[in-house]
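The structure appears below as structure tokens.
The values are calculated or read from the model by the stated rules, or taken from the named source; none is laboratory data. Predicted, not measured: the structure shown is a model, and the values here were computed from it. Here Cβ is always computed from backbone atoms with ideal geometry, including for glycine, and neighbour counts include all displayed protein chains. Side chains included, ligands, DNA and RNA excluded: accessible areas come from the protein's heavy atoms. Shrake-Rupley method; radii C 1.70, N 1.55, O 1.52, S 1.80 Å.
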Amino acid sequence: MKIQKTITYTDFSILVTQTPDASQLSTLDSLILSCHQNRENVPEFSFSDDEKNIFLFLMRSDGSIPAVLALSILDEETAECRAVTAPAFRRQGYFSALLEEAETLAGERDLIFPLPNSCTDGLAVMQALGAECLSTEYEMACQIPASMETSRYNPCDSSYCTNQNHTLFETARWTLISQKGNRKNTFSLQVREEAENEEGTPSVFLESIVSDLNATSCIGSCLTTRTSETCVCLHHVEIREDLRGKGFGTILVRRLLEELADFGVKRVILQVSGDNAPALSLYKKTGFAITQSLSYYLY
């Protein structure tokens, strides 16, 4: 059963819901916009209709909503918090009230706050809470040029390909295969739908298909998940361990971008750990640029 309740305070109330309506989501968009206009970055919110996502809207007596917190239950031990308060309504105890209710909803779970490093007020709040910085990630993005076309030696293997309308799967697994017996350095990229219960570490997938393919043919794989009609998120990129450091990661990502262009994708986004120097180098080499740094705080 989805959560829907209102908690009343003296000067305001907090609406807790797992099914925010269009008006409430529009208010959240306006809050984020007010922060951007104040030259501040705020964490991105997930708007998926998921039972693990809980929204807390703080409503003043005049009906305005100056602060919102989103709580995402990750597992039995952790939950993720993202919050935004209109610049004109900070330091009035609104975030503290939302956090108190979020802690109640999270139970014994640790709270993780993803926060852009450029969000100075948010960083000050984390410091005041005594939250511990666990790790830093970079958000990166690549704009796919309209002129990019698929390499015509070996276009995406249509025997695996996509659905009948030639539209990209919600989540797709792409596998780079070397072409034995053909010209040197010739590769094909195979794609299939990734079922929700199949998604996991790529190494498991690579191990599973080595038995079906010549062990020297399967090079690596990655996943893409659509975030809109023209944007996908790239994740779970892996090259076979014995083939790493030989440029195959670059080939995989470049071939992927070519194929995505054929599907009308114009933008690819990803997150990478700040400690992963090889991955950062790979993505920069293939056209990605850092859009913001994101730190994760444990409270």
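Between Thr291 and Leu134, the modelled label-to-label distance comes to 2.3 nm, taking each label 7 Å out from Cα in the direction of the beta carbon. At the residue level, Thr27 shows approximately 40 square angstrom of accessible surface with a 1.4 angstrom probe and all protein chains present. Taken along the Cα-to-beta-carbon direction at a fixed 7 Å, the label points for Thr230 and Lys246 span 3.9 nm. For region 1-74, the Kirkwood hydrodynamic radius comes to 13.1 Å, computed from all pairs of different C-alpha atoms.
With 0.36 nm allotted per residue and the present C-alpha distance subtracted, the Gln92-Leu74 stretch has 3.5 nm of extension available.
Ligands, DNA and RNA left out, the 1.4 Å accessible surface of region 211-296 is 49% carbon and sulfur atoms. When Leu15, Leu294 are compared by accessible area of protein heavy atoms, the largest-first order is Leu15, Leu294, using a 1.4 Å probe.
Heavy-atom accessible area for Ser61, with the other protein chains in place and a 1.4 Å probe, reaches approximately 120 Å². With all protein chains kept in place, the per residue accessible area of region 251-299 amounts to 44 square angstrom at a probe of 1.4 angstrom. Centre-to-centre separation between the Cα atoms of region 65-107 and those of region 213-273: 35 Å.
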